[in-house]
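Below is one structure, written out as structure tokens; the observations come after it.
Quick note: the coordinates plus some simple rules give every number you see, no bench work behind them. Quick caveat: nothing in here was measured; it's all calculated off a predicted structure. Reconstructed Cβ throughout: ideal geometry from the backbone, glycine too, with neighbour counts over all protein chains shown.
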């Protein structure tokens, strides 16, 4: 993993502020990507909680970000297709776009994973994390991640 993923919203390993969770306004945090391979044709982002009682829980699925994309602003709109052509999948809450940390209790880890792909994916919006991961197989050039925690 050589893509460097950072955020002005929180630092690696630190607590995710309440405004990005179900306990507040539930905005997606700002993300920045550095050292993306020049040969990338698109990017994908998945946010997941591996500590959920039911197994890995998806909080965000977004793909076909333009190859020149190097950041996402705070509060990406909850639309199936964004102005730049990016598509958003379904999170495990059953909605399109980002839904922030909302653990039933205790401290959970949230991984914002960024993937550089050698192609744009011919997929519709509203796909699941598993569908995206399957479609990305053999197309991932590089990846990186940012991890934050949230406690309830």
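Quick notes
- Here the Gaussian network model covers the chain, with springs between Cα atoms less than 10 Å apart; of 105, 97, 85, 105 fluctuates the most.
- Remark: spin-label model distance residue 152-residue 14 equals 2.3 nm, labels positioned 7 Å along the Cα→Cβ axis.
- Pair residue 140, residue 109: separation of 7 Å Cα→Cβ label points (nm): 1.5
- Paramagnetic label zone (point 7 Å from Cα along Cα-to-C-beta, residue 84; backbone N under 15 Å) in the stretch 35-58: 35-37, 40-46
- Cβ crowding within 10 Å, taken as a proxy for footprinting-reagent exposure, orders 15, 42 from fewest neighbours to most as 15, 42.
- Residue 52 paired with residue 2, simple spin-label distance in nm, labels 7 Å along Cα-to-beta-carbon: 3.3
- Ascending count of other beta-carbon atoms within 10 Å, so fewest first, for 114, 140, 61, 36: 140, 36, 114, 61
- Here the calculated FRET efficiency for residue 23 and residue 68, from their Cβ-Cβ distance with R0 = 41 Å, stands at 0.75, rounded to the nearest 0.05.
- Over the chain, Cα pairs under 8 Å with separation of 6+ residues give a relative contact order of 31 percent.
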